[in-house]
């Protein structure tokens, strides 16, 4: 317990009652420290209240700590943390205050001269700015991490839905195969192999996603732990600032002058990130640029299926975001585009193949390959071909690996 307590600014260890009294003289109500008591295992909380120092015994009995029976705290720091937020009036009605201002054991001396107090306030304020900057940066990282984790969960849900659709189609195909005439069995077997190949691809992707979720969840918890660890440090600095401010105000210093410390410009501004500290922002920018440069549409397997009926296409696309699409092969001269429009509906459009390439018919331009057509309408709306198809080809339906960067 002793080694653990030494980490806390309010613990002064084996100092005398007189030394504790001196440390708290001329301080504000709510100022406190903890020291060893004469009884082994017990401690004394010295609290400033009503311009007087109050001595409160912290008892240690049967592995528990407390100010009075029943003793319920596992550690002294737990008791101090509790009364930092809750009034001591529940222990003694005359002590209606909380533990607000710890006397920092890192101070070699407690400043009493106003000029020294100003200097200490400046130092503490700059440290507070630095910690707040670190906390804000950490919170930003944690927010991005949480958003990516949420995206992983959403993508996994979509993959599982696709797996279910393909499993149902496999069962249906098995039933159809058993009832098919002899000349239709070969076609059923071919379709079965295609469905099985696609199903296994989805299953593999699901497994990868679930592993990624585990890793991201662990990393996110680590970030939350770091954030929570910083909050008590910042609160302690807040308390120090308020303590010094209170002393200066009681000594009749102008509030404007005290508040001016928060606008000091001749000290280093800790809130500004250096080039080295800005690595995280640079990494995010590189990822964004890479996402733009490496267009997933160039992999035709992410959006093309040679043998899929309309009902399966609707099942795959239903519930997906606007611009999710796939293309289904129907014959050597014809295929069909299915996409999710701005209303969330799945709409379809026929694509014809001619000697000039692929087009939607009606005199519109032809594209040498389906990929050329897809890339063009990745940037342009399809509404001129179909009034209901008011969208672009943004998200390949089979691109289940289109995940946020690890």
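The values are calculated or read from the model by the stated rules, or taken from the named source; none is laboratory data. Remember, it's a predicted structure, so these values are computed and weren't measured experimentally. Counting neighbours? That spans all protein chains shown, and the Cβs are built from the backbone with ideal geometry, glycine included.
Going by the conditions given, is residue 377 without any contact (Cβ under 8 Å) to a residue 24 or more places away in the chain, under 11 Å from residue 297 (Cβ atoms) and buried (at least 18 other Cβ atoms within 10 Å of the Cβ)?
Yes: the conditions hold for residue 377.
Examine segment 44-55 for a residue that is farther than 26 Å from residue 235 by Cβ and without any contact (Cβ under 8 Å) to a residue 40 or more places away in the chain, and state whether such a residue exists.
No, segment 44-55 contains no residue that is farther than 26 Å from residue 235 by Cβ and without any contact (Cβ under 8 Å) to a residue 40 or more places away in the chain.
Please find, within segment 221-241, the residue that is modelled with the lowest pLDDT out of those that are farther than 13 Å from residue 131 by Cα and crowded, with 16+ Cβ neighbours inside 10 Å.
The extreme case among them is 239.
Is it true that residue 318 is in contact with a strand residue (DSSP E or B) (Cβ under 7 Å, 6 or more places away or on another chain) and modelled with pLDDT of 90 or more?
No: the conditions fail for residue 318.
So is residue 35 modelled with pLDDT of 90 or more and exposed (fewer than 14 other Cβ atoms within 10 Å of the Cβ) or not?
Working: modelled with pLDDT of 90 or more: yes; exposed (fewer than 14 other Cβ atoms within 10 Å of the Cβ): no.
In short, no.
Does segment 342-352 include one or more residues that are under 21 Å from residue 167 (Cβ atoms), exposed (fewer than 15 other Cβ atoms within 10 Å of the Cβ) and either more than 30 Å from the chain's Cα centre (by Cα) or modelled with pLDDT of 85 or more (or both)?
The answer is no, given that none of the residues of segment 342-352 is under 21 Å from residue 167 (Cβ atoms), exposed (fewer than 15 other Cβ atoms within 10 Å of the Cβ) and either more than 30 Å from the chain's Cα centre (by Cα) or modelled with pLDDT of 85 or more (or both).
Conditions: (1) at pLDDT below 90; (2) assigned to a loop (DSSP other than H, G, I, E, B); (3) under 22 Å from residue 157 (Cβ atoms). Residue 291 meets all but one. Number of the miss?
(2)
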